[in-house]
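We did not get these values from a lab; they are worked out from the coordinates using the rules stated. These numbers come from a predicted model, not from an experiment. We place every Cβ from the backbone using ideal geometry, glycine too, and count neighbours over all the protein chains shown.
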């Protein structure tokens, strides 16, 4: 795909579903940067990672997005399916930029390997587009993301795509008055946002066990990393490389 520095074509998706507030806030800002298409899951798809649908069909339905000029489709597949379908089928040309988010919950540290927000951005990179994943703390405070989103997009949106890598943005969930600014070039923390265990929910017939994950949030993270940055109340921007 030739890099287009003229009128940008943007594809936007997420993993929280097409009705998510974070998606709406991202699209509302993104329309300032070019022609916007939305292909997003019809319902919650968190932790789907980079999975795609291969052995069965999935559906696309026109969606009446509440912003004028935005062409939108709801998809029964995964977030990566949304990027593939949007890039290869829905849009007349591949997008220059794919924005994935704004996710309800951080996508930092080792937890990023499970993230369908990041998985969708990696699929964009695979398709030759610039992939940008955007996430924020799941506390419900949007002051920092609302204040800094446009500045972040100004910094990143015209960067050339680089195969196998994405730009990963995380906003702290603090009041704007407590945010300390933006830090770029953050590395991925080797720690985890949640320390997981499993708890027994129910004993089933024939010796079966029904269990459920039990995650304990922690804030241990190395200096210079994505997780440390948001814990210290900075907006974190980093490059995540999927090529081992």
Sites residue 61 and residue 176, calculated FRET efficiency, Cβ-Cβ separation with R0 41 Å, nearest 0.05: 0.65
For the range 100-143, convex hull volume per residue from C-alpha positions, Å³: 66 Å³
DSSP beta bridge pairing in the chain, given as percent antiparallel to the nearest 5: 40 percent
Tensor-based shape of the range 64-194 (alpha-carbon gyration tensor, a/c under 1.5 rounded, otherwise prolate or oblate): prolate
Beta bridges per DSSP with both ends in the range 175-244, % antiparallel, nearest 5: 75 percent
Additional length obtainable on full extension of the chain from residue 51 to residue 196, 0.36 nm per residue less Cα span: 50.0 nm
Mean residue ellipticity (222 nm) of the chain, computed from DSSP H runs ≥ 4 via -39,500 (n - 2.57), nearest 500: -5500 deg cm²/dmol
Relative counts (whole %) of C-alpha pair distances in the chain, using bins that are 5 Å wide: 1, 7, 14, 18, 19, 16, 11, 7, 3, 2, 1, 0, 0
Extension gain, residue 7 back to residue 222 (0.36 nm per residue minus Cα-Cα distance, nm): 73.4 nm
Pair-distance profile P(r), taking every C-alpha pair of the range 38-124, with 10 angstrom steps and integer %: 18, 51, 27, 4
Residue 89 paired with residue 211, simple spin-label distance in nm, labels 7 Å along Cα-to-beta-carbon: 3.6 nm
Contour excess over end-to-end distance, with Cα ends at residue 158 and residue 232 and 0.36 nm allotted per residue: 23.8 nm
Gyration tensor verdict on the range 194-244 (Cα atoms; rounded if a/c is under 1.5, prolate if a/b is larger than b/c, oblate otherwise): prolate
Zero-based 10 Å bins, Cα pair distances in the range 126-244, whole percents: 13, 35, 28, 15, 8, 2
